[in-house]
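Here the structure is laid out as structure tokens; the discussion comes afterwards.
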Amino acid sequence: MRTWIEKQRNIIDFTLSSLARRKGKNVALLLVYSLLVFLLASVMFFTHALRKEASLVLQGAPEMVVQRMAAGRHELIPHRYLDAIRSIRGVSGVHGRLWGYYFDGVTSANYTLVVPEEAAPAPGHIAIGQGISRSRLATTGDMISFRRYDGTPDALIVQDVLSARSELVSSDLILISEQDFRKLFGMQDGLSTDIVLNVRNAKEVPTVAAKVQKLLPDTRPIMRSEILRTYDTIFDWRSGIIVVILSAAVLAFVIFAWDKASGLSAEERKEIGILKAIGWETSDVLLMKFWEGTVISLSSFLAGVLLAYVHVFFTPVVLFEPVLKGWSTLYPEFRLIPFIDPYQVATLFFLTVVPYTVATIVPSWRAATIDPDSVMRS
Amino acid sequence: MRKSTVFFLCLGIQAILLLAAWSHSAYERTHNTGGLTETAEMVRTLELTDLCLFTEARYTRNLSQADRHSPFQDHPLSFEHFPSGSLVGPPAAVRGR
């Protein structure tokens, strides 16, 4: 065993010296390889953590939301729909939900205004999310001005700023009283934005949804399961930017592998020829090439994965921030909980380390099996 | 020092860091869930339906509540032009899954 270890160490020593002789090329290779793994691992970590967090947080979302549609668009829903839905067997806790969007010309940002069902702010007061607090430089006790639907100004006092820890859902929220909400948007009593309902038996939710649609054909029920599924498609590999990142990364990797698999440089062939001539076995040459591939790919893989972890979970995800922000002027500052899928890391390992190592060995095997004299002469 | 010793030392350090990252991830998942609980509670009490990820357009703010044809809402031939439109795939029902 000791002899075997010593043999491996000698071969590794030789491999590292051989790599050091082509320092520039190999350092560049190491950097590009690490960058490639970093990019792929960052996307993987970020999307998995975001999806996981969305699935946990949105478990408390309404069981079913019923929207009224008019000409294919979301319309305000009259309260008489509440009675119709209430009559469906198995339905419990039906009520109208008041929420809407407000475009603030001062910051060019869209706010989401919500009237809480419980503990709504007193009339004339609002609670704001951290994002609004930052962009409007407003905090508890300050006044924020709004423009009503008819153009008349309105000023509401900030009674609370929502917690920074919940920014992933509340950054752009304004909690407002029903009275102020209706005044701001000119919404009449007897109308709501949509309807929220609960179903006694969770297994009956799809049946109730079908009954709602049959009873009220101009409505669109949205089940919690659909809300949760929405976030499964976020950063889906088929979505634009991910396709671009993945195809660039895959293309770069194919070029790497192709460069390796298409043959060795004259210098490398000569090296193999000399090694064979001085008594190295074909298996020793292959072992050397195996270690060469392992040194490069394993070091790059570990460095790339570690950097991606730090990037996603310790920094504000600088690489994705501009993409996520898009044209938004209000963006939540959130730190994701590091949910990691070991299966994904293993997949990344087998898709990067293994093909590269194999691509290094194959051409070397071809060179090592030819007569050393002809290899050196060629 | 032999080159192989330096290599294994570097590999060992990387492996330890990876293990530390793994432990950090496990620790955060079990001990630092206060923010997650608070957020989930806020979602429940305020009856929220979406994450506040893309505030650039109203139909990207509440993805699950948007009209099915919202990318074309400005006019029938208006293609989606907000950057976040390239980050979200179509709903599972539309893809026929």
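Take the range B:24-60 and flag every residue that is among the charged types (D, E, K, R) and either open to solvent by 60 Å² or more (accessible area, probe 1.4 Å) or over 16 Å from B:G85 (Cα atoms) (or both). Selection gives B:E28, B:R29, B:E38, B:E41, B:R44, B:E47, B:R58. A:G304 meets the conditions (1) touching a Leu at 6+ places or on another chain (Cβ under 8 Å); (2) over 30 Å from A:P355 (Cβ atoms); (3) assigned to a helix (DSSP H, G or I) in every case but one. The failed one is (2).
Only one of these is modelled with pLDDT of 80 or more and assigned to a helix (DSSP H, G or I): A:R220, A:R229. Name it. Answer to the check: A:R229.
Flag: A:A119 matches the condition of being surrounded by fewer than 20 Cβ atoms within 10 Å (Cβ to Cβ), out of contact with any strand residue (DSSP E or B) (no Cβ under 6 Å at 6 or more places or on another chain) and either within 11 Å of another protein chain (Cβ to nearest Cβ) or not small (G, A, S) (or both). Here B:G89 passes the criteria (1) at pLDDT 75 or above; (2) facing another protein chain (nearest Cβ under 7 Å) except the one numbered (1).
For A:M69, the conditions (1) part of a strand (DSSP E or B); (2) open to solvent by 10 Å² or more (accessible area, probe 1.4 Å); (3) of a type outside the set (D, E); (4) assigned by TED's automatic domain parsing to the domain that holds A:I174 are fulfilled apart from (4).
Is it the case, given these coordinates, that B:T37 is modelled with pLDDT of 75 or more, polar (S, T, N, Q) and not in a helix (DSSP H, G or I)? No, not satisfied.
The values are calculated or read from the model by the stated rules, or taken from the named source; none is laboratory data. It should be emphasised that the depicted structure is a prediction, and the values quoted were computed from it without experimental measurement. As a convention, Cβ positions derive from the backbone with ideal geometry for all residues, glycine included, and neighbour counts pool all protein chains shown. Calculation scope for accessible area: heavy atoms of the full protein, side chains included, ligands and nucleic acids excluded. Shrake-Rupley method; radii C 1.70, N 1.55, O 1.52, S 1.80 Å.
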